[in-house]
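Peer 1: My questions all concern the structure below.
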Amino acid sequence: MAELLKPLSLKTALARQRGEPNSEEVERKATKQARYRAQQIFHWVYQRFQTDWDQMSDLSKDLRAWLKENIEVFRLNERQSHQALDGTHKFLWGLSDSKTIESVIIPAALQEKEPTDWPEDVAAGNLTKEKAFAGKPVQDAVTSPRWSRLTACISSQVGCAMACKFCLTGIQGLDRHLQTHEIVTQVFELRRLAPITNIVFMGMGEPLHNFDNVVKACKILLDQDGMNFSKRKITISTSGLVPAIEELGKQVDVSLAISLNGTTDEQRGSIMPVNKRWNIESLLSACRNYPLSSHRRITFEYVMLKGINDTLEDAARLIHLVRGIPSKINLIPFNEHPGSDFKRPSDETVRVFQKYLMDRRLTATVRISRGQDILAACGQLRSIFGSARGSDRHRDWAIGS
């Protein structure tokens, strides 16, 4: 879809239609007009969700006729969708080459209580101790007005090459990068269904491995004539591609999240192969140099794995590592999935770890694991079919179910 909005393409087409000579003045006027027309199309497609050229009434008939003949507005094919007990909604999209990706709408409500405030649910058997850091069951659809925030978790690649051992997408391996229009259209499709307020690049893939397409997508999402999201409402999460982190801060102003998950190189390298290329020291150096405007912080995501990185010794090292970086720690109790070698730590372990950090003046939150019952939680996304590492058919998306 981004291709249709290139001013030069429209400029050239309009000039040729009128048979005008290729003079500097004609080029200037054509460029000005093309930019205006592109702005109109941005509004129609991205803000009014209109994909029928005939309905774009403020475009000339000649331009609409040319657009119908030459330009197709890209759409994703919804193959499947599931809604979890907590309201999380997962979508499986079919791409034009028959490959598939997943994206998720994650709802949050102002009136939602903290898990420790739900004793009646535990007593009633609706919330077990092991599921305390999980989304509360609700009856509301994603279109419900009760949600104060709706986050779109989108993919940047078909699969992922990073091979983090705790991540289901990493087990699949990498098929290919998503193009800019395939990234943007995930938000377009989700926004047609519900009033999305936030975007996180935390779906399938390593966003900074697909740097150019992700940056272009962010510019469209931020453009006031495009999706018009606030820079504070878009977060790119990375496993730690240091050169790309340094370049990202120069090209686009969005929030940054770092998937840290370990407090020593030996520990982190055993679960995240990227650490063997860029170790913790080089990663945190890039974070210290990352341009942050006033009141902005880097989020350090910390997937807690039972018996591996969940001790108070790890918490102490974590405090030392992030010292001097405007940051917050997002603890993520591991979301178990079929075939995983890792286990989720107890809720008490998570609470003690969090308290240790907070008692030492770090901002530390525990991510509520949403959509676990439909494999929509952090680290659980993948395509219908695995590829590079020979994984078998995606069981929760069985065709025909």
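Peer 1: Taking the mean number of other Cβ atoms within 10 Å as a proxy for protection, how do you rank 324-336, 151-163, 218-230 from highest to lowest?
Peer 2: On the way: 324-336: 19.6, 151-163: 24.7, 218-230: 17.9.
The densest-packed peptide leads the list: 151-163, 324-336, 218-230.
Peer 1: Would you mind calculating the relative contact order of the stretch 268-340 from Cα pairs under 8 angstrom and at least 6 residues apart, reporting the percent as a whole number?
Peer 2: Once normalised by length, the contact order is 38 percent.
Peer 1: Let me ask another. So, with +1 on the Cβ of K and R and -1 on the Cβ of D and E, and no other charges, what is the size of the charge dipole of the stretch 163-305 about its Cα centre, to the nearest 20 debye?
Peer 2: It works out to roughly 300 debye.
Peer 1: With a cut-off of at most 13 other beta carbons within 10 Å, and DSSP calling the residue loop, which chymotrypsin sites (Phe, Trp or Tyr not before Pro) in the stretch 27-60 qualify? Please list them. Kindly include the intermediate steps, with their values, before the conclusion.
Peer 2: Working: sites: 36, 42, 44, 46, 49, 53; in loops: 49.
Qualifying residues, ordered by number: 49.
Peer 1: A further question on this structure: Between their Cα atoms, which of 99/233; 328/355; 90/136; 276/355; 165/343; 306/355 are more than 19 Å away from each other?
Peer 2: 99/233; 276/355
Peer 1: Under the classification rounded if a/c is under 1.5, otherwise prolate if a/b is larger than b/c and oblate if not, where does the stretch 229-279 fall, given a ≥ b ≥ c as square roots of the Cα gyration tensor eigenvalues?
Peer 2: Judged from the Cα gyration tensor, the stretch 229-279 comes out prolate (a/c at least 1.5, a/b above b/c).
Peer 1: Would you mind putting 90-98, 58-66 in packing order, based on average other-beta-carbon counts within 10 Å, highest first?
Peer 2: 90-98, 58-66
Peer 1: Counting Lys +1, Arg +1, Asp -1, Glu -1, what net charge surrounds residue 326 among other residues with beta carbon under 10 Å of its beta carbon?
Peer 2: Values: positive: 288, 296, 297, 328; negative: none.
Summing Lys and Arg as +1 and Asp and Glu as -1 gives +4.
Peer 1: At a Förster distance of 56 Å, what's the computed FRET efficiency of residue 270 paired with residue 192, Cβ-Cβ distance as r, to 0.05?
Peer 2: FRET efficiency, residue 270 to residue 192: 0.85.
Peer 1: Describe numerically, in nm with one decimal, the distance between label points set 7 Å from Cα along Cα→Cβ at residue 323 and at residue 55.
Peer 2: Result for the modelled spin labels: 5.9 nm.
Values in this text are rule-based calculations from the coordinates and carry no lab data. Everything numeric here is computed off the predicted structure, so don't read it as measured data. A quick note on method: Cβ atoms are made from the backbone with ideal geometry, for glycine too, and the neighbour counts reach across all protein chains shown.
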